[in-house]
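Working notes, beginning with the structure itself.
The values are calculated or read from the model by the stated rules, or taken from the named source; none is laboratory data. Since the structure is predicted, the reported quantities are computational estimates derived from the model, not experimental observations. Ideal geometry is used to build each Cβ from the backbone, glycine not excepted, and the neighbour counts take in all protein chains shown.
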C-alpha cells in the first residue's frame, strides 16, 4: 500500500468513527432503563403450599413509593434521577425512569424507598387520594388483599395495612448474574428492575433468607370479628406470647410452639416484626439483595 492510499484509508476510518458516535465523542456510551415489578407475588398471589400453615394470599393493591435511582461509576461519577413515584405493582410492572448517554462500564446501584413527598407523582393506577393518604400517614408501602386457609370453614380474611419504611437501598447485587450493580453496555440499554419480594411480610425470621418459612396464622389471629386484619391488630400480638386462631398458644401442625425470630432487632410485637421484615424486600433484577442504609 502506498503512502497516499494509507492516508486516504485513515481519513475514511476517522470519518466512520465520527459518524458512529454522532458528535465526535470518542467515549463509548449506553443507556439504562429502570422498571419496578412485584412479580407473580403481588400480581397473582401466593398459593397455600408455600405457607407452612396452609394459607394462601392474594393482593388487590400493593402501593410502593420510591425514587432517587442512583448509579455510581468506578471513578466516583454519580448519576441520579429526580423522579419520585407512587405506583401500584399489583396492576403490573411499571416503567420508572431512564438514564441516557452514560459512559459504558460498571455502575453501583442505589435507590430510596420512602413516603411520598411534595414532588411525588401518582402512577397510572394510583389516585390522588391514595397519594395524599400515603403522604399524610408516612407510608411507603400500602397493601390490601385477602387470605384463606385450606380449611374453608375458617372463612376469608382481609387485610389493609400501611408501613412507614424510609430507607436507602445501596450496594445492590444484580440478581441476573450475581455481580455488583449493573454494566452499561456500549451502544445499548441495560435493564435495571427494582423487584419487590412481597413474601417478606410473611417471614418468620429476620436477618437471613436461609431457613425462612412463610406463615400467616399469627397474622390472621389478630383479625377483628369481621375477619379484617389491621396494623392495630398486629400490634396486639406479642412476639413472646404468640396466639393462634383459637386464642391459645400458636403451634404448628406437629404441635410445636411457633417462634418468630427477630435476629438482632429489638422487637416486641408482630406489627413491628412485619414492618421490619419488608424493609429490605426491594431487590435488583429479581433476587439481587441490596444493603439497607439510613435515609
Exercise. Which of the residues belonging to segment 266-293 are part of a strand (DSSP E or B) and over 26 Å from residue 160 (Cα atoms)?
Worked result: 284, 288, 291, 293
Exercise. Do the conditions hold for residue 95, that is, is it surrounded by fewer than 17 Cβ atoms within 10 Å (Cβ to Cβ), in contact with a strand residue (DSSP E or B) (Cβ under 9 Å, 6 or more places away or on another chain) and on the phi < 0 side of the Ramachandran plot?
Worked result: yes
Exercise. From the list 164, 152, 185, which one is surrounded by fewer than 19 Cβ atoms within 10 Å (Cβ to Cβ) and within 24 Å of residue 267 (Cα to Cα)?
Worked result: 164
Exercise. How many residues are closer than 30 Å to residue 44 by Cα, out of contact with any helix residue (DSSP H, G or I) (no Cβ under 6 Å at 6 or more places or on another chain) and not in a strand (DSSP E or B) if we restrict to segment 82-106?
Worked result: 4
Seminar exercise, completed: Restricting segment 20-43 to residues that are under 16 Å from residue 186 (Cβ atoms) and not in a strand (DSSP E or B), the one modelled with the lowest pLDDT turns out to be 20
For this session: Under 6 Å between Cβ atoms, at least 6 apart or on separate chains: pull out the pairs that start in segment 132-157 with a residue that is free of Cβ contacts under 8 Å to residues at least 24 places away in the same chain and end on any residue that is buried (at least 16 other Cβ atoms within 10 Å of the Cβ).
Result: 135/116
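So that you can scan it fast, the table gives a plain yes or no per residue for (1) assigned to a loop (DSSP other than H, G, I, E, B); (2) at negative phi; (3) touching a residue at least 24 places away in the same chain (Cβ under 8 Å):
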site	(1), (2), (3)
194	no, yes, yes
200	no, yes, yes
208	yes, yes, yes
211	yes, no, no
218	no, yes, yes
224	yes, yes, no
234	no, yes, yes
Exercise. What are the residues in segment 44-75 that are in a loop (DSSP other than H, G, I, E, B), at pLDDT 95 or above and over 16 Å from the mean Cα position of the chain (by Cα), if any?
Worked result: 47, 52, 53, 54
For this session: Only one of these is touching a residue at least 40 places away in the same chain (Cβ under 8 Å), buried (at least 20 other Cβ atoms within 10 Å of the Cβ) and under 27 Å from the mean Cα position of the chain (by Cα): 275, 230. Name it.
Result: 275
Exercise. Quick check, is residue 263 in a loop (DSSP other than H, G, I, E, B) and touching a strand residue (DSSP E or B) at 6+ places or on another chain (Cβ under 8 Å)?
Worked result: yes
